[in-house]
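The values are calculated or read from the model by the stated rules, or taken from the named source; none is laboratory data. As the structure is a prediction and not an experimental result, all values here were calculated from the model. Note that we place each Cβ from the backbone using ideal geometry, even for glycine, and neighbour counts take in every protein chain shown. With ligands, DNA and RNA removed, areas are computed over all heavy atoms of the protein, side chains included. Shrake-Rupley method; radii C 1.70, N 1.55, O 1.52, S 1.80 Å.
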Amino acid sequence: MTRGRESPKSSVKTSVKRGQSCCFLSETPGQKKRGSSPKRKKSLPARPLSHDIKIYGNLRKPKHRSRSPPFPSLSLSSTSEAGMFRKKHISHDIQEDGTIHQEAKINELRAAIGPLSGRSLQYCTDACLRRYLEARNWNVDKSKTMLEEMLNWRSTYKPEEIRWHEVAIEGETGKLYIANFHDREERTVIVMTPAKQNTSSHDNQIRFLVYIFENAILNMPEGQEQMVCLMDFTGWSLSNAVPIKTARETTKILQNHYPERLAAAFLYNPPRIFETFWKIVKYFIDPKTFEKVHFVYPKNAESIELMSKYFDVEKLPLEFGGKNKIQYNHEEFSKLMLKYDIRSASIWDLNEKTAPANHATNGHSTSEGAQEPSRIAAQAS
């Protein structure tokens, strides 16, 4: 044999024990390469068996026995269910924390406005305070200022005392009325047709507007707190448009005295010239209300889809792209308003004279009125 080669018989047989390092797999004593100088052996850190198996292919891999999972119940489906449970639990905790936070803010606002009496006490329910807090991003000081301004306005304007016979002339043309249909979420719908303006008195127009708002809110379906507004711009022009003063006062009343009552407003088929009018009016509208305003055009696919999302086309009147041929009937609407007047007088006067100071009744048991007084009189907040 030539020097430097090694016979197969002289191969070193090695065995590896678990936890033993493979650093001994080096040349055998006395075996050196030609021209090499002795080097100091470096000690390598011990590697686990699994690491050696990965590096050295000549070592036999241990046989892995199939074992059942240590926790058989934690399968893929069960772990995903557990994850969903945790998410629901966290979401529930967040909702609870949010509710507790809101209740604390409501109590703080109630303490800030101080003791109330009479109609003010009846009006300022927890639901009412919550709406004012939402309108001011849960800032108690700003909500307090807004609420006090509203109470001062109601004490002098007395909107709950307005009766139909005082404003009936304003409603003769159907320029503003409470519809006999609801949106898909069963919310009250108010219909406006600005082109049907029939009077010129600013004060009477505002008084009529307040009367409609009060009765629309007072007679909302159970569990509802918001309404939807539909505005038909057919025939509208600058000549029959309400003055800027009236438009500004309307916006102010809706935002400051009826906050969080508007769910959405749909301006149907406004002419191009309305853009000039809108550029002025929009500066009086706060950002929250502005986001609720939608311009709708009958030949626009997105507009049609939007209206279908909010309304049943079978109930929606023809002038708003629906299939309902119903028309405004002033005589029938007057009958309905007279009924509302009787109900309103019964609610406010009866509660003020005979009901407990912090309860409101509507012909049901006192316990029902105590559970949610905002359902009746104080719902008009």
Seminar exercise, completed: Going through region 211-265 in order, the residues found to be of a type in the set (Phe, Trp, Tyr) and touching a helix residue (DSSP H, G or I) at 6+ places or on another chain (Cβ under 7 Å) are TYR211, PHE233, TRP236, TYR258
For this session: Test GLU331 against the criterion of being at pLDDT 50 or above and in contact with a Ser or Thr (Cβ under 8 Å, 6 or more places away or on another chain), and give yes or no.
Result: no
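Residues that are under 19 Å from ALA265 (Cβ atoms) and of a type in the set (Val, Ile, Thr), at least 2 per element: which strands (runs of 3 or more DSSP E) completely within region 161-240 meet that?
In region 161-240, 188-192 are the strands (runs of 3 or more DSSP E) which contain 2 or more residues that are under 19 Å from ALA265 (Cβ atoms) and of a type in the set (Val, Ile, Thr).
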For this session: Considering every residue within region 208-227, establish whether at least one is over 30 Å from LEU109 (Cα atoms), of a type in the set (S, T, N, Q) and not assigned by the TED database to the domain that holds GLY114.
Result: no
Problem set entry | Count of residues meeting criterion [out of contact with any Pro (no Cβ under 7 Å at 6 or more places or on another chain) and either part of a strand (DSSP E or B) or not acidic (Asp, Glu) (or both)] in region 321-331 | 7
Problem set entry | Residues that are without any contact (Cβ under 8 Å) to a residue 12 or more places away in the chain, assigned to a helix (DSSP H, G or I), open to solvent by 60 Å² or more (accessible area, probe 1.4 Å) and farther than 19 Å from LYS245 by Cα, drawn from region 266-320 | PRO287, ALA301, GLU302, GLU305, LEU318
Exercise. Looking only at residues in region 259-274 that are under 18 Å from the mean Cα position of the chain (by Cα) and of a type outside the set (A, V, I, L, M), which one is nearest to GLU185 (Cα to Cα)?
Worked result: ARG261
Seminar exercise, completed: All conditions in (1) more than 30 Å from SER346 (Cα to Cα); (2) assigned to a helix (DSSP H, G or I); (3) of a type in the set (Lys, Arg) are true of LYS144 except (1)
Exercise. Does at least one position in region 247-260 carry a residue that is surrounded by 13 or more Cβ atoms within 10 Å (Cβ to Cβ), among the charged types (D, E, K, R) and assigned to a strand (DSSP E or B)?
Worked result: no
Exercise. Out of curiosity, is ILE100 loosely packed, with under 15 Cβ neighbours inside 10 Å, among the β-branched types (Val, Ile, Thr) and either free of Cβ contacts under 8 Å to residues at least 40 places away in the same chain or under 30 Å from PHE277 (Cα atoms) (or both)?
Worked result: yes
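Residues are listed down the side, and each one gets a yes or a no for (1) open to solvent by 80 Å² or more (accessible area, probe 1.4 Å); (2) of a type in the set (Ser, Thr, Tyr):
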position	(1), (2)
SER117	yes, yes
ASN137	yes, no
MET146	no, no
MET150	no, no
GLU166	yes, no
GLU172	yes, no
ALA195	no, no
Problem set entry | Residue identified as among the small types (Gly, Ala, Ser) and touching a strand residue (DSSP E or B) at 6+ places or on another chain (Cβ under 6 Å) among ALA112, ALA168, ALA179 | ALA179
Problem set entry | Of all residues making up region 220-244, the number that are touching a residue at least 60 places away in the same chain (Cβ under 8 Å) and either open to solvent by 40 Å² or more (accessible area, probe 1.4 Å) or of a type in the set (Phe, Trp, Tyr) (or both) | 3
